[in-house]
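Only one structure is covered here, and it is reproduced in the block below.
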Amino acid sequence: MFWQGRWCYPACNLIYSYNPSKDGGEIPLIFHIHRSTFMFLLYDYNIFWAFLIISSLIPILAFLISGILAPISKGPEKLSSYESGIEPMGDAWLQFRIRYYMFALVFVVFDVETVFLYPWAIGFDILGISVFIEALIFVLILIVGSVYAWRKGALEWS
C-alpha cells in the first residue's frame, strides 16, 4: 500500500521508542496495545488525511485559478444585487431570529460529536476499557450540554 512506512512509521516509532519497563516500572496502559494493532489503527486514518488534503486543495485551486483568469472591473452594476434582471426592491440585509442560529449551533455540536465517536467505535474492541471511559466522559459532557440547551429553550420551535 502507498502509506506503508511513510505516514505511520514515524508515529509508531515515537510511541514505541519509550520503554518504561527497562527501569523496572510498570508499563502504562497505552503500551499494552501491540505494535501491529497500533499501526493498523493509524492506517485507518491515512485515508481520512488523504481525503482531507485533497478536499482542501480543490477549493483553494479553484479560487486561485478564478482569481488569475477572471477580469477585474468594478462599477455600479457589479456592486448591486442581481435579481433576474429586475431592479432590486428593498434592502438586501435581512434579520434572522436568533433561534435559527441556536438550531445551527446545536446541529454543529452533535455533528462534531459524531465525527469524534466514529473512530472510537471502529477501534473500541481493540483499545480496551480506558478508551471506553474517555468516550463515556465525552458523551456525558455533551448530554449535559444538550440538557442545558433544552432547559434554556434553545430547542423549541415556536
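Are any residues in the stretch 60-101 surrounded by 10 or more Cβ atoms within 10 Å (Cβ to Cβ), within 30 Å of residue 145 (Cβ to Cβ) and at pLDDT 75 or above, and if so, which ones?
100, 101 - these are the residues of the stretch 60-101 that are surrounded by 10 or more Cβ atoms within 10 Å (Cβ to Cβ), within 30 Å of residue 145 (Cβ to Cβ) and at pLDDT 75 or above.
Among what's in the stretch 37-59 and is at pLDDT 70 or above and hydroxyl-bearing (Ser, Thr, Tyr), pick the residue that is nearest to residue 125 (Cα to Cα).
45
What about residue 104, is it small (Gly, Ala, Ser), under 18 Å from residue 140 (Cβ atoms), modelled with pLDDT of 80 or more and under 24 Å from the mean Cα position of the chain (by Cα)?
Spelling it out, it is not the case that residue 104 is small (Gly, Ala, Ser), under 18 Å from residue 140 (Cβ atoms), modelled with pLDDT of 80 or more and under 24 Å from the mean Cα position of the chain (by Cα).
If we scan the stretch 119-132, do we find a residue that is among the hydroxyl-bearing types (Ser, Thr, Tyr) and in contact with a helix residue (DSSP H, G or I) (Cβ under 8 Å, 6 or more places away or on another chain)?
yes
Would you mind stating whether residue 130 is assigned to a helix (DSSP H, G or I) and farther than 30 Å from residue 46 by Cβ?
no
Right, residue 124: closer than 27 Å to residue 147 by Cα, surrounded by 10 or more Cβ atoms within 10 Å (Cβ to Cβ) and either modelled with pLDDT under 80 or not assigned by TED's automatic domain parsing to the domain that holds residue 157 (or both) or not?
Spelling it out, residue 124 is indeed closer than 27 Å to residue 147 by Cα, surrounded by 10 or more Cβ atoms within 10 Å (Cβ to Cβ) and either modelled with pLDDT under 80 or not assigned by TED's automatic domain parsing to the domain that holds residue 157 (or both).
The values are calculated or read from the model by the stated rules, or taken from the named source; none is laboratory data. Owing to the predicted nature of the structure, the values given are computational and were not obtained by experimental measurement. Because the Cβ atoms are built from the backbone with ideal geometry, glycine has one as well, and the counts that use them run over all protein chains shown.
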